[in-house]
């Protein structure tokens, strides 16, 4: 008896936005760049998006984030407020070098109104309190994807170092 070959079906992650409408991700899996010194932050984010089409790449420093952005076109960056070689502001400055910068989400255990105001006024997208809430991250990713899908194509990677 010949084996029956089952066709491979491409799956998409379907997320619900606040109004209950489904938002489908594109066939090309979008990247999140997670920038934090803490391995636990990367693990938590990967766990939250494990059953979605989002891919998470990690950097532990601003310098590593530069290297990652030379290789991937991130849709969104989750950056810890304070990093070993800089801050979220350095990550924001880095994104502004791109033709189509990824959105920046700042994460902090002390996310207060002052930080939130500063992030938004300087061009960041949002601030999330740590530890990350699965519900908040998924809500945010729906918003990020909707914004991304309606305003711009994927950004380009940073040019290779000279």
If I filter the range 132-139 for residues that are under 21 Å from residue 38 (Cα atoms) and modelled with pLDDT under 95, do I get at least one hit? no
Candidate set: the range 90-112, residues that are touching a strand residue (DSSP E or B) at 6+ places or on another chain (Cβ under 8 Å) and outside any strand (DSSP E or B); chosen: the one farthest from residue 34 (Cα to Cα): 111
Single condition residue 33 does not satisfy, out of (1) over 11 Å from the mean Cα position of the chain (by Cα); (2) assigned to a strand (DSSP E or B); (3) modelled with pLDDT of 90 or more: (1)
Scan the range 121-130 and tell me whether some residue there is assigned to a helix (DSSP H, G or I) and either at pLDDT 95 or above or surrounded by 14 or more Cβ atoms within 10 Å (Cβ to Cβ) (or both). yes
Look at residue 48 and say whether it is buried (at least 19 other Cβ atoms within 10 Å of the Cβ), under 13 Å from the mean Cα position of the chain (by Cα) and within 20 Å of residue 149 (Cβ to Cβ). no
Here are the criteria: (1) farther than 18 Å from residue 42 by Cα; (2) more than 12 Å from the chain's Cα centre (by Cα); (3) in contact (Cβ under 8 Å) with a residue 12 or more places away in the chain. Tell me which single one residue 132 does not satisfy. (1)
What single numbered condition from (1) part of a loop (DSSP other than H, G, I, E, B); (2) surrounded by 18 or more Cβ atoms within 10 Å (Cβ to Cβ); (3) modelled with pLDDT of 95 or more fails to hold for residue 53? (3)
So residue 141 ticks every box in (1) in a loop (DSSP other than H, G, I, E, B); (2) touching a residue at least 60 places away in the same chain (Cβ under 8 Å) but one. Which box is left unticked? (1)
Output the number of residues of the range 68-87 satisfying the condition of being outside any strand (DSSP E or B) and either touching a helix residue (DSSP H, G or I) at 6+ places or on another chain (Cβ under 6 Å) or without any contact (Cβ under 8 Å) to a residue 12 or more places away in the chain (or both). 2
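The values are calculated or read from the model by the stated rules, or taken from the named source; none is laboratory data. Quantities reported herein were computed from a predicted structural model and do not represent experimental measurements. When we count neighbours, we look across all protein chains shown, and the Cβ atoms used for this are built from the backbone with ideal geometry, even at glycine.
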